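J.: The following block contains the structure, expressed as C-alpha cells.
The values are calculated or read from the model by the stated rules, or taken from the named source; none is laboratory data. As the structure is a computational prediction, the values presented were derived from the model and not from experiment. Here the Cβ is made from the backbone with ideal geometry for all residues, glycine too, and neighbour counts use every protein chain on show.
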Amino acid sequence: MTRRSWRGWLPCDSLCVRFRAVHRRRAPAPASAATYPTRAHKYDNLKSAVLARQGSAIHFHPRLLELAGHYHFAPRPCAPARGNEKGKVERQIQYLRHAFFAARAFRDLDDLHAQFRTWRDTIAHQRRHPDQPDRTVAEVLAEEQPVLLPLPAHPFETALIRAVSVGKTPYVRFDRNLYTVPHAYVQRTVTILADATTVRVVDGSAELARHVRSFGTAEVIEDAAHLQALRAAKTAAGSATSRDRLLAAVPISAAILEQYVVRGDIGHLAARRLLGLLDDYGPQELHAAIEDALARGALGPGAVAHILEQRRRRRGHRPPVRMILSDRSTGRDLDVSPHALETYDALSRPDASDPDE
C-alpha cells in the first residue's frame with residue numbers, strides 16, 4: 001500500500017473527524033513513551049482548535065480543552081496569519097514527510113507503526129541534537145525523561161461516534177462498508193463507535209457487535225453468530241407458522257408432532273410435509289389418516305401420505321392436483337366470484353346473423 005492510497009483511507013467528511021485526526025497526532029500516544037514532554041502546545045487557528053477569537057479572547061473547541069485537560073497541557077494559538085511562530089513544528093512535519101513517508105509502502109496500520117518505530121529508533125533519534133551537536137536526540141531524550149510529566153493511565157478517547165439506522169436487513173452502513181448487527185435491531189437506531197482498528201455497534205450501554213474495521217470499499221463484514229441467529233429465528237418462525245395452521249385445522253396432529261419430537265426428528269420439516277397433505281386432501285381426510293397412523297404406530301409423514309393415498313384409491317377419487325400460485329400476496333388473496341356456466345353454451349350455438357352458417 002502506498003502513502004497515496006493511505007491518504008484515501010482518511011475520512012474527511014466532518015469537522016469532528018478532522019479534529020480527531022489532528023489530535024491523534026498531537027496526543028502523546030506511543031506505547032514506548034512513559035512521559036509527556038511539554039506543558040503547552042501551539043496551534044494554528046483551525047476550526048477544530050479555535051472556534052472564535054476577539055483580540056486576546058479565545059473560544060477554544062470543547063474537545064481540544066478535554067484533550068488538554070486529559071494530558072495536562074495548555075493550548076496556545078498562534079497569532080492570525082503568523083505560521084512562523086511555530087516554525088520548529090513545521091520543520092519537523094516536513095522532515096517526517098520527506099524522510100519517512102516519501103515512497104514508503106505498507107500493508108496496514110500495524111505495519112506502518114512497526115516501520116515508524118524502527119525508523120524513529122535507528123534514524124530519527126540518532127541525529128545530532130540541534131542545540132547540543134555533540135549528543136544525539138536519543139541521548140538528550142533519555143536524560144530528560146525522568147523529569148517529564150507521566151502519561152495518564154488511559155489514552156484520550158478519539159473514537160468517531162455516529163448514530164445510524166438499521167434497515168430491513170441486519171446490517172449497518174459505515175464508511176462505505178456494511179457490518180452485521182443482531183437481527184432483533186432491524187429498523188432501529190443504534191450508535192457506531194469507530195477507531196482506527198475496530199467498529200463497535202452499541203445501543204445505550206449495551207454492545208451489540210464488534211468488528212475489525214475495514215478501510216476497503218463496498219465490503220461486507222459479517223459476524224457468523226449474527227447470521228446463525230438470524231437463520232435460527234427464520235426457521236423457528238416458519239415452523240411455528242406451519243404448526244399453528246396445522247393444529248388449528250387438524251387438532252389431532254399435535255399427538256403425532258409430539259411423537260416426532262420424542263423420536264428426535266426435525267419437527268418443522270414434518271409439520272411442513274403434513275401441511276402440504278392438508279392442502280391436497282383436506283382436514284377431514286388428514287384427521288382420519290393421522291388417527292389410523294397413530295393406531296398402527298406408523299408415525300412418519302410418508303406413512304400418513306400412504307394412508308391418504310390408499311383411502312383415495314378405495315373411493316375411486318382422482319389424484320389431488322396441487323395448485324401452484326404466485327408468491328405475490330395479490331395473487332394468493334385474489335377472490336374470484338363464481339358465475340353461471342350457461343353463458344359459455346352460447347359460444348357453441350349457431351349465429352343466425354352469420355351468412356356462413
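J.: Take the residues in region 206-223 that are out of contact with any Asp or Glu (no Cβ under 9 Å at 6 or more places or on another chain) and either acidic (Asp, Glu) or within 29 Å of residue 236 (Cα to Cα) (or both), then tell me which one is surrounded by the fewest Cβ atoms within 10 Å (Cβ to Cβ).
T.: Among those that are out of contact with any Asp or Glu (no Cβ under 9 Å at 6 or more places or on another chain) and either acidic (Asp, Glu) or within 29 Å of residue 236 (Cα to Cα) (or both), it is 206.
J.: Out of 118, 191, 169, I need the residue that is out of contact with any Phe, Trp or Tyr (no Cβ under 7 Å at 6 or more places or on another chain) and part of a strand (DSSP E or B). Which one?
T.: Numbers: 118 fails: part of a strand (DSSP E or B); 169 fails: part of a strand (DSSP E or B).
Result of the check over 118, 191, 169: 191.
J.: Can you go through 163, 153 and tell me which one is small (Gly, Ala, Ser), free of Cβ contacts under 8 Å to residues at least 40 places away in the same chain and not in a strand (DSSP E or B)?
T.: Working: 163 fails: not in a strand (DSSP E or B).
Among 163, 153, only 153 is small (Gly, Ala, Ser), free of Cβ contacts under 8 Å to residues at least 40 places away in the same chain and not in a strand (DSSP E or B).
J.: With the checklist (1) more than 26 Å from residue 232 (Cα to Cα); (2) surrounded by fewer than 17 Cβ atoms within 10 Å (Cβ to Cβ) in hand, flag the one item residue 191 doesn't pass.
T.: (1)
J.: So, one more: Output the residues belonging to region 129-147 that are surrounded by 12 or more Cβ atoms within 10 Å (Cβ to Cβ) and charged (D, E, K, R).
T.: Across region 129-147, the qualifying residues are 135, 139.
J.: Go through region 63-82 and give me each residue that's of a type in the set (Lys, Arg) and surrounded by 15 or more Cβ atoms within 10 Å (Cβ to Cβ). So that I can check it myself, show each step before the final result.
T.: Going residue by residue through region 63-82, those that are of a type in the set (Lys, Arg) are 63, 76, 82.
Across region 63-82, the qualifying residue is only 63.
Per-residue answers, yes or no, for (1) within 11 Å of the chain's Cα centre (by Cα); (2) farther than 30 Å from residue 72 by Cβ:
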{"residue": "138", "(1), (2)": "no, no"}
{"residue": "146", "(1), (2)": "no, no"}
{"residue": "157", "(1), (2)": "no, no"}
{"residue": "170", "(1), (2)": "yes, yes"}
{"residue": "211", "(1), (2)": "yes, yes"}
{"residue": "218", "(1), (2)": "no, yes"}
{"residue": "225", "(1), (2)": "no, yes"}
{"residue": "228", "(1), (2)": "no, yes"}
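Listed here are the residues, each with its yes/no results for (1) loosely packed, with under 14 Cβ neighbours inside 10 Å; (2) in contact with a His (Cβ under 7 Å, 6 or more places away or on another chain); (3) at pLDDT 50 or above.
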residue: 2; (1), (2), (3): yes, no, no
residue: 8; (1), (2), (3): yes, no, no
residue: 13; (1), (2), (3): yes, no, no
residue: 16; (1), (2), (3): no, no, no
residue: 19; (1), (2), (3): no, yes, no
residue: 26; (1), (2), (3): no, yes, no
residue: 33; (1), (2), (3): yes, no, no
residue: 41; (1), (2), (3): no, no, yes
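J.: Here's something else I'd like to know. Pick from 197, 118: which is modelled with pLDDT of 95 or more, loosely packed, with under 15 Cβ neighbours inside 10 Å and not aliphatic (A, V, I, L, M)? Talk me through it step by step, then tell me what you get.
T.: Values: 197 fails: modelled with pLDDT of 95 or more.
Just one listed residue meets the conditions, 118.
J.: Looking at region 294-308 only, could you name the residues that are more than 20 Å from residue 248 (Cβ to Cβ) and surrounded by 16 or more Cβ atoms within 10 Å (Cβ to Cβ)? Steps first, please.
T.: Going residue by residue through region 294-308, those that are more than 20 Å from residue 248 (Cβ to Cβ) are 295-300, 302-303, 305-307.
Hits for region 294-308 are 299, 300, 303, 305, 307.
J.: List, please: which pairs have Cβ atoms under 9 Å, are six or more places apart or on different chains, and start with a residue in region 66-87 that is on the phi < 0 side of the Ramachandran plot and end with one that is in a helix (DSSP H, G or I) and among the charged types (D, E, K, R)?
T.: Pairs found: 67/26; 71/26; 78/85; 78/86; 79/85; 83/90; 84/90.
J.: Test each condition in (1) closer than 29 Å to residue 177 by Cβ; (2) modelled with pLDDT under 90; (3) of a type in the set (Asp, Glu) for residue 111 and report the one that comes out false.
T.: Checking residue 111 against (1) closer than 29 Å to residue 177 by Cβ; (2) modelled with pLDDT under 90; (3) of a type in the set (Asp, Glu), the one that fails is (2).
J.: Given the criterion in contact (Cβ under 8 Å) with a residue 12 or more places away in the chain, over 20 Å from residue 141 (Cα atoms) and part of a helix (DSSP H, G or I), identify the matching residue among 53, 63. I'd like the intermediate steps shown before the answer.
T.: Details: 53 fails: part of a helix (DSSP H, G or I).
Only one candidate passes the filter, namely 63.
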